[in-house]
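Worksheet: the structure to be examined is printed underneath.
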Amino acid sequence: MKGWIEMQRCFHLFVLFAICRVCSLTCCGSVCADEPADAALAVAPGEVAETPLERWDMERLVVPPVVRWLDSESVVRSLLYQGEEYQGQTTEIFAYYASPATLAGKQHAADRYPGIVLLHGGGGTAFSEWVEKWARRGYAAIAMDLGGKRPASPKFDEVTGQVVQRFDHVRGNRKRLAKAGPLDDHEAKFQNVNDDPTDDWQFHAVSAAVRAHSLLRSLPEVDAECTAVTGISWGGYLTCLTASVDSRFKAAVPVYGCGFLYAGESVQRPMIDRLQPRQRAEWIRLHDPSRFLKHCRVPIFFVNGTNDKHYPLRSYDRTYKLVQGPVTLRIKAGMKHSHGHGWAPLEIGRFVDHHLLKKHAMVELAEPEVNGDVVSSKFRAAQKPSHAVLQYTNDQGPLVDRKWKSMDATLATGVVSAKIPADATIWCLAVTGKDGAMVTTEVMFRQP
């Protein structure tokens, strides 16, 4: 009898384990048919932990940093501001600043402007062209170098004072600062997990962005309650982190950047996988945007292309679904990857204008629905988009290599719809407003 009871107990335990296992697999059932198996794997149990937002002392970072103006007269001005301590030494961060007042050659502005923080990507620096673009749009803009360097200063016309030549893209002309923080190379970004989580590049880069925000808000010509942040590539990655850490922003636009870099087809993944298991787990916990974005409450606009190899579509899809607050998407078939292509989309300005200046909103698409072979998405009936398409690919294989096509979608009052081609593997609806601004639904993957 005793043996029989023990056998029953073992059987019940086995059934319980099997039920739990089935439930676990069911929860991962959103994996699509053509997805590599490892893309769906969760991090090992020891890797999952709360997002370490406490690494950044916001009570200290909201205080405007000490500033040294290197050029306080030109249309695009330059400065150094105080950063975090690095290896026991104080640091400074180089930045460009411009506003409608500086472009007009004024020392004092009659008005207050909305502000924006600009975060460059890999191989980039503080771009004078970028701050000038935003200043001409009516913003006070600051862009800093996130690798402890300084680009060569622009040349200004002696008569008009306008910029006539820039050297931002000439890497050989950049100089290391005397009080520099960590470099922004791959070693600093990946081989940086040790016993001191405050000496890594990500910690310093996010701190630099938050300090720039505090500085911007302290300027008399800036409306402190009317600020945004945007970044490109690694700067988009940092925008995901910064907008999660600093809730004072009213809008955030990460271009290309996303989380889940340790999974799927990201070109960053091999560098993460080369880490020792404990270091890899710590890198994910401390640095991957997937551990941050559930805390983001800032309205956020994700901009990317369908074939980006740095921030691939499957990781991207998982990333924007983490955000609990408002999310807008622009996923354009074939969008190229560069700083120039990253700051070009007119939708970035439209989104920021709407949230900071209460200007006209782009079309706001609801979560797409599939009924049979038709995908549809609703929007407010008062909004009158001018054109809509279904973007799709019927290819298999690596995401970066898939060819994308488009076909006209049907617009009716408050709804857009399209028939999904029978062989389509990934698709999304794209709607363009009368102002030329395009938004998309989330991408959808063919299920088994």
* Structure fact -> A chain fully extended from GLU369 to ALA381 at 0.36 nm per residue, minus the present Cα-Cα distance, gains in nm 2.6 nm
* **Relative contact order computed over the chain (Cα-Cα under 8 Å; 6+ residues apart), in percent** => 13
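List the trypsin sites (Lys or Arg not before Pro) within the range 190-281 that DSSP assigns to loop and that have no more than 12 neighbouring Cβ atoms inside 10 Å. Display every interim value, and only then the final one.
Working: sites: ARG211, ARG217, ARG248, LYS250, ARG274, ARG278, ARG280; in loops: ARG248, LYS250, ARG274.
When the trypsin sites (Lys or Arg not before Pro) of the range 190-281 are filtered for loop state and at most 12 Cβ neighbours within 10 Å, ARG274 remain.
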* Give the angle, between 0 and 90 degrees and rounded to the nearest 10, that separates the Cα long axis of helix 2-27 from the longest principal axis of the Cα atoms of the chain. => 40
* Cross-link pairs LYS149/LYS332; LYS179/LYS336; LYS106/LYS358; LYS175/LYS250; LYS250/LYS336; LYS294/LYS359 - those with Cα-Cα distance over 31 Å -> LYS149/LYS332; LYS179/LYS336; LYS175/LYS250
* Please find, in a Gaussian network model of the chain (springs between Cα atoms separated by less than 10 Å), the residue of VAL229, VAL164, VAL400 whose mean-square fluctuation is greatest. => VAL164
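Can you sort CYS258, CYS428, CYS226 from fewest to most other Cβ atoms within 10 Å of each residue's own Cβ? Please list the in-between numbers first.
Values: CYS258 29, CYS428 24, CYS226 21.
The most exposed by this proxy come first: CYS226, CYS428, CYS258.
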* Among LEU53, ALA208, GLY264, which residue has its Cα positioned farthest towards the positive end of the charge dipole of the range 47-357, with +1 placed on the Cβ of Lys and Arg, -1 on the Cβ of Asp and Glu, and the dipole taken about the Cα centre? -> GLY264
* Asked: Relative to the first principal axis of the alpha-carbon coordinates of the chain, what is the inclination of helix 277-287, with its axis defined by its Cα atoms, in degrees from 0 to 90 and to the nearest 10?
  -> 50
* Structure fact -> Fewest-first ordering of GLU158, GLU347 by Cβ atoms within 10 Å yields GLU158, GLU347
* To do: Let me know the volume per residue of the alpha-carbon convex hull for the range 369-445, in Å³.
  => 88
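Roughly speaking, what is the stretch gain from ALA178 to LEU346, that is 0.36 nm per residue apart minus the C-alpha to C-alpha distance, in nm to one decimal? Walk me through the numbers on the way to the answer.
Details: separation 168, 0.36 × 168 = 60.48 nm, distance 3.77 nm.
Additional length available on full extension: 56.7 nm.
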* **Derived scalar couplings ³J(HN,Hα) [the range 159-167; Karplus, 6.51 cos²θ - 1.76 cosθ + 1.60; whole Hz; x for Gly, Pro]** => 8, 8, x, 7, 5, 10, 7, 10, 10
* Structure fact -> From the Cα centre of the range 407-448 to that of the range 87-149, the distance in Å is 37
* Gain upon complete extension [VAL164, GLU187; 0.36 nm per residue less C-alpha separation] -> 4.7 nm
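Which percentage, to the nearest 5, of the DSSP beta bridges contained in the chain is antiparallel? Could you put the intermediate results ahead of the total?
Values: 46 of 70 bridges.
Taking every DSSP beta bridge with both residues in the chain, the antiparallel ones total about 65 percent.
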* To do: Kindly put VAL67, VAL131 in sequence by how many other C-beta atoms sit within 10 Å of each C-beta, fewest to most.
  => VAL67, VAL131
* To do: Using only the alpha carbons, work out the radius of gyration and Dmax of the chain in angstrom.
  => 23.9, 103
* Structure fact -> Taking the dipole of the range 267-367 about the Cα centre (Lys, Arg +1; Asp, Glu -1; charges at Cβ), the one of GLN276, LEU357, PRO345 that reaches farthest to the positive side is GLN276
* Choice from THR160, THR102, THR230 showing the highest fluctuation, given a GNM over the chain with Cα pairs closer than 10 Å -> THR160
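No lab work stands behind these numbers, since they all come straight from the coordinates. Here the structure is a predicted model, which means the values were calculated and not measured. Here Cβ is always computed from backbone atoms with ideal geometry, including for glycine, and neighbour counts include all displayed protein chains.
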